[in-house]
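Here the structure is laid out as structure tokens; the discussion comes afterwards.
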Amino acid sequence: MSAPEYPSVAPELVAAAVRAAEARGRDVAEVSVTDIAAEAEISRSTLLRRLGGSRSALDDAVRAAGIDPGGRPPVRVRALTAAAELISENGLAATTLDAVAGRAECSVFGLHAAFGGRDELLRAVFDQYSPIGDIEQYLAEARGDLRATVHGFYRTVAVALAREPRVTPAMLAEVYSRPESSAVQSLSRYAAPRMFGVVGAWLDAEVRAGNIREQPRLVLVQQLLGPILIHMLMRPAFPNVPGLTLPDVDTVCAELTTNFLGAVSNPSNAEIRHG
């Protein structure tokens, strides 16, 4: 049986289909005929008539123009992956919308349609690739005494920070080097309340239970997070340092747990301080 013959599709219809897809952050194949017709400023019936009654003709014409009409992840998914890779490789400042669009094989207009802007894109990358989701899930499920919970917390953070692409280390490097940049300020306003909220609520409960000495939440959270962040950020540089033996991550987490509890536990609670 011979392949069906489709009518020639006008270039303006191909362009309308591509614009409609980019405006919605989707592949062409995922955009309805009605939406494409609206973009082309014609009726749905007129579009179908000009396509010979078959949507396949349009998809084939889009493909012939060098654009994949479907079969790939949506623009939002591709952009998140591309942005995370670029942040890991080149840092936050170099991750422009143009760079993300180039790697994700979409348009900057499509990124605006999917996210709203660069700040929103960076926030979405933080949500997906930072340890915050892992921490929230761990603390929601954590059971056991304070020592076991702290040790598990450190292990959770260590595993998350070791994942590729290394988004969080790159973001923190930008925080340290350019704290007043608009990107850092925007991301901090979004990320810090969430991080200090979930971790702070857990520590506040331990303070109320008498397990931890009362002190400013910011100081307490920094005592908890600072050591594991510094270790995991610097760990990749250590293996080839002469005379330096790199401990395994479990040993690091155990030692940091002892150090943290020794620093913040109530003096009267010897069982927590010394395990």
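The values are calculated or read from the model by the stated rules, or taken from the named source; none is laboratory data. From a predicted model like this one, the values you see are computed outputs, not experimental measurements. Cβ sites come from the backbone with ideal geometry, for glycine too, and all protein chains shown count toward neighbours.
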Step by step: first the residues of the stretch 250-275, then only those that are at pLDDT 75 or above and outside any helix (DSSP H, G or I), then the one that is nearest to L220 (Cα to Cα). Which residue is that? S265
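Just a yes or no: is a residue in the stretch 201-222 within 15 Å of I132 (Cβ to Cβ) and in contact with a helix residue (DSSP H, G or I) (Cβ under 7 Å, 6 or more places away or on another chain)?
yes
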Y129, sole failed condition from (1) more than 30 Å from G262 (Cβ to Cβ); (2) in contact (Cβ under 8 Å) with a residue 60 or more places away in the chain: (2)
Based on this model, can you work out whether A84 counts as free of Cβ contacts under 8 Å to residues at least 12 places away in the same chain and at negative phi? no
Output the number of the condition that A99 fails; it satisfies all remaining conditions of (1) crowded, with 20+ Cβ neighbours inside 10 Å; (2) assigned to a helix (DSSP H, G or I); (3) at pLDDT 90 or above. (1)
Pairs with Cβ under 7 Å, 6+ apart, first in the stretch 96-111 and at negative phi, second not in a helix (DSSP H, G or I): A101/S107; G110/G25
Being without any contact (Cβ under 8 Å) to a residue 24 or more places away in the chain and assigned by TED's automatic domain parsing to the domain that holds D134 is true for just one of T257, T245. Which residue is that? T245
Close pairs (6 angstrom Cβ cut-off, 6 or more residues apart or separate chains): under 13 Å from I36 (Cα atoms) and in the same structural domain as V28 (by TED's automatic domain parsing) in the stretch 47-60, outside any helix (DSSP H, G or I) and of a type in the set (A, V, I, L, M, F, W, C) anywhere: L58/V9; L58/L51
So is R147 within 17 Å of R76 (Cα to Cα) and either outside the structural domain of R189 (by TED's automatic domain parsing) or buried (at least 19 other Cβ atoms within 10 Å of the Cβ) (or both) or not? no
Yes/no for A83 being at pLDDT 90 or above, assigned to a helix (DSSP H, G or I) and touching a helix residue (DSSP H, G or I) at 6+ places or on another chain (Cβ under 6 Å): yes
